[in-house]
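> Sharing a structure, written as structure tokens. Questions coming.
The values are calculated or read from the model by the stated rules, or taken from the named source; none is laboratory data. Note that the structure is predicted; figures quoted are calculated from it, not measured. All Cβ positions, glycine included, derive from the backbone under ideal geometry; neighbour counts span all protein chains shown. What goes into the accessible areas is simple: the full protein's heavy atoms, side chains included, and nothing from ligands, DNA or RNA. Shrake-Rupley method; radii C 1.70, N 1.55, O 1.52, S 1.80 Å.
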Number of protein chains: 2
Amino acid sequence: MKNDYVHGYSNEEATRLHDQAKTLSDLLHNNIKFPAGSRVLEAGCGVGAQTILLAKNSPDAQIISIDLFEESLNQARSLIKKEGIKNVEFVKADIMDLPFEKESFDHIFVCFVLEHTLDPIQTLKKLNKVLKPGGTITVIEGDHGSCYFHPESEQALKTWKYLIKAQKDLGGDPLLGRKLYPILSEAGFEDIVVTPLVVYVDNSQPHMGEGFIKKTIIAMVEGLKNQAIDSGIIKKREWDQGMEDLHKSAEKDGTFFYNFFKAVARK
Amino acid sequence: MKNDYVHGYSNEEATRLHDQAKTLSDLLHNNIKFPAGSRVLEAGCGVGAQTILLAKNSPDAQIISIDLFEESLNQARSLIKKEGIKNVEFVKADIMDLPFEKESFDHIFVCFVLEHTLDPIQTLKKLNKVLKPGGTITVIEGDHGSCYFHPESEQALKTWKYLIKAQKDLGGDPLLGRKLYPILSEAGFEDIVVTPLVVYVDNSQPHMGEGFIKKTIIAMVEGLKNQAIDSGIIKKREWDQGMEDLHKSAEKDGTFFYNFFKAVARK
């Protein structure tokens, strides 16, 4: 995994990730329940935002959650402890150099991780090796090219495009969601089923305007402000106007659309 | 309605619209069933592509389908006759000058029409007048800004953007889908529920690559070829490359995403 991009690095970022997980948990974790006694690898657990949901939804599965960063693992550990969860073991490990035996997991779960890897297909091949034949992999990714909103302004689009560029510049793939089917196929998985998970928000669900658009999406863009302005790509005035316009999509006459993708495939 | 844009004008276009209706019918008409004895206005029936589905799904409702163009109505009439459908009456009428009594319909159905009107809110207000209090309106629209695909190329994006521009130049709104909630609200409707209807295609459903991406979406763009090249906005070579690239999204490693919106609201 690319070392200079770490979700959950700052406290603010950690708060954002927990808010995001809470608002989105129903959408993303719907139907994800692993059988009693199964051994599940969560590859790239970060600060534990998804771990907690995985563990609660599959209380009788044994979950092994890895991450490359001790700092993230410590946050994840204390979160799990606070919740009284007992079925998770944390291991500091590199997803590209897994310290597990071949074919030692019944299931694998990867959420918001591949989009930050330099080579998602190679990463999937590494994961394939530690999965038992017949076992499943569940992959959840966003696709920043799926996002649109009303009202739409040139400045708002520009801030959004900067988010896409920033992730690309770090070697990630902000448009990975749409590619899950071909990359899983290329990595040797079978029976691939990809489901779009749509977030559509209008004024009939004002809590989503707050919880999803503002706290998750706009917060993610806002975090790039200094970097964007320093880069010279966008002027401060344009950026501020863009952020103001993005906020309108979370208000009374606004609408907002984002699409996640969930793929389940078999080895 | 804008007079110089008519869906179903040529025979080829009529074929495209029927293919589209067939492939999409399950998605769009799911849960649309009007009660026995109810009087339903289909505002803007065109060549009858949706009329046939409406009539079949609500066999005991009385459907009054209007359109401004005699030529489209004649095609719709012969289609309905061929199918042996008896519960549809066609009326040549302007959606902005409806020849019906105030509050004379139980339900209204509008599909792929508002996106071509010059003033969707005024159009909805006109429709509101002929709807009984407590009656419902069902609106279905696309949103061309919701479309994305893999692989993505600059040329393919350019052809797609031309489609958006062409519809705008005719006074329509190619991004209307995302606006259904605010415009219905502005036109005085209540209890508005907007549902995104997602078309996602990958190689697990090759028939959708053929039926939806190629026959519906790409065909729609292809129809603009001469106009686009004559406009000078895009060179012939770029256009051809763009179309070739768009086709790749319907092939083995390609994926394609488009989002329709369905709104149901009450007077």
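> Explain nothing, just the number: relative contact order of the range B:11-266, from Cα pairs under 8 Å at least 6 residues apart, as a whole percent.
Worked out over the range B:11-266, it gives 22 percent.
> With the label 7 angstrom out along Cα to Cβ, how close does B:Asp191 come to the same site in each of the other copies, in nm, nearest first?
4.3
> OK, next. Any aspartates and glutamates with Cα under 15 Å of the B:Lys33 Cα? List them, leaving off those in the same chain fewer than 8 positions away.
B:Lys33 reaches B:Glu42, B:Asp60, B:Asp106.
> Just the accessible area per residue of chain A, please: how many Å² with a 1.4 Å probe?
Per residue, chain A has an accessible area of 43 Å².
> Further question on the same structure: Which distances, shortest first and in nm, link A:Arg266 to the matching position in the other copies, using label points set 7 Å out along Cα to C-beta?
4.6
> Hey, how many Å between the Cα centroid of the range B:123-186 and the Cα centroid of the range A:206-267?
Answer, in whole Å: 22.
> Here's another thing I want to ask about it. Taking the Cα centre of the range A:11-266 as the origin and placing charges on Cβ (Lys, Arg +1; Asp, Glu -1), which of A:Ala43, A:Val113, A:Asn226 is farthest toward the positive end of the dipole?
A:Ala43
> Would you work out the charge dipole size for chain B about its Cα centre, treating the Cβ of every Lys and Arg as +1 and the Cβ of every Asp and Glu as -1, and quote it to the nearest 20 debye?
Here the size comes out at about 380 debye.
> Relative contact order for the range A:208-259: what is it in percent, counting Cα pairs under 8 Å that are at least 6 residues apart?
After rounding, I find 46 percent.
> Between 0 and 90 degrees, rounded to the nearest ten: what's the tilt of helix A:236-248 against the longest Cα principal axis of chain A?
For helix A:236-248, the angle is close to 70 degrees.
> Next question. With the Cα gyration tensor of the range A:11-266 in hand, give its eigenvalues times 5 under a square root as the equivalent ellipsoid semi-axes, listed largest first in whole angstrom.
32, 19, 18
> A follow-up question, please. Closest beta-carbon to the B-to-A rotation axis: which chain B residue owns it, and what is the separation in whole Å?
B:Val198, 3
> What residue among B:Pro99, B:Pro59, B:Pro120 has the largest mean-square fluctuation in a Gaussian network model of chain B, using Cα springs under 10 Å?
Top of the fluctuation ranking is B:Pro99.
> Let me ask something else. Roughly to the nearest percent, how much of the accessible area of the range A:11-266 is carbon and sulfur, given a 1.4 Å probe?
Carbon plus sulfur share of accessible area: 48 percent.
> Let me ask you something else. Percent relative contact order of the range B:79-230, based on C-alpha pairs within less than 8 angstrom and at least six residues apart?
Over the range B:79-230, the number comes to 22 percent.
> Right, here's the next one. Mind checking the full-extension length gain between A:Glu222 and A:Leu27? Use 0.36 nm per residue of separation minus the Cα-Cα distance, one decimal, nm.
Fully extending the segment from A:Glu222 to A:Leu27 adds 67.8 nm.
> Work out the charge dipole of the range A:11-266 with +1 on the Cβ of Lys and Arg and -1 on the Cβ of Asp and Glu about the Cα centre, then indicate which of A:Phe34, A:Trp160, A:Thr255 is farthest towards its positive end.
Toward the positive end, the furthest listed residue is A:Phe34.
> Using a 1.4 angstrom probe and counting only protein chains, how large is the accessible area of B:Glu190 in Å², to 10?
About 120 Å², rounded to the nearest 10.
> Compute accessible area for the range A:157-190 by itself and then with all protein chains, 1.4 Å probe, and report residues whose area falls by 40 Å² or more.
A:Arg178, A:Tyr181, A:Pro182
> Additional query: Given +1 on the Cβ of Lys and Arg, -1 on the Cβ of Asp and Glu, and no further charges, what dipole in debye does the protein assembly as shown carry about its Cα centre, rounded to the nearest 20?
600
> Now, a different point. Counting only protein chains, not ligands or nucleic acids, how are A:Arg237, A:Arg266, A:Arg39 ordered by accessible area (probe 1.4 Å), most first?
These residues rank, largest area first, as A:Arg237, A:Arg266, A:Arg39.
> In nm, what does the list of distances from A:Asn57 to its counterparts in the other copies look like, shortest first, when each label sits 7 Å along Cα to Cβ?
In ascending order, 3.0 nm.
> What do you get for the angle between helix A:154-169 and the principal long axis of chain A? Use alpha-carbon atoms, 0 to 90 degrees, nearest ten.
Long axis of A:154-169 versus the principal axis of chain A: about 30 degrees.
> Then there is this: Once you have the alpha carbon radius of gyration of the protein assembly as shown, what is it after dividing by 2.2 N^0.38 Å, with N set to its residue count?
It is 1.05.
> Also, I was wondering about something else. How far is helix A:70-82 tilted, in degrees, relative to the longest principal axis of the Cα atoms in chain A, given as a value from 0 to 90 rounded to the nearest 10?
80
> Further question on the same structure: Choose one answer from A:Ile95, A:Ile234, A:Ile63: the residue with the largest mean-square fluctuation in a GNM of chain A with alpha-carbon springs under 10 Å.
The residue that fluctuates most here is A:Ile234.
> What is the dipole size for the range A:105-166, taken about its Cα centre, with +1 at each Lys and Arg Cβ and -1 at each Asp and Glu Cβ, in debye to the nearest 20?
Charge dipole, the range A:105-166, about its Cα centre: 300 debye, nearest 20.
> Still on this structure, I have one more. Using a probe radius of 1.4 Å on protein heavy atoms only, what is the accessible area buried between chains A and B, both sides summed, to the nearest 100 Å²?
Buried: approximately 2100 Å² between B and A.
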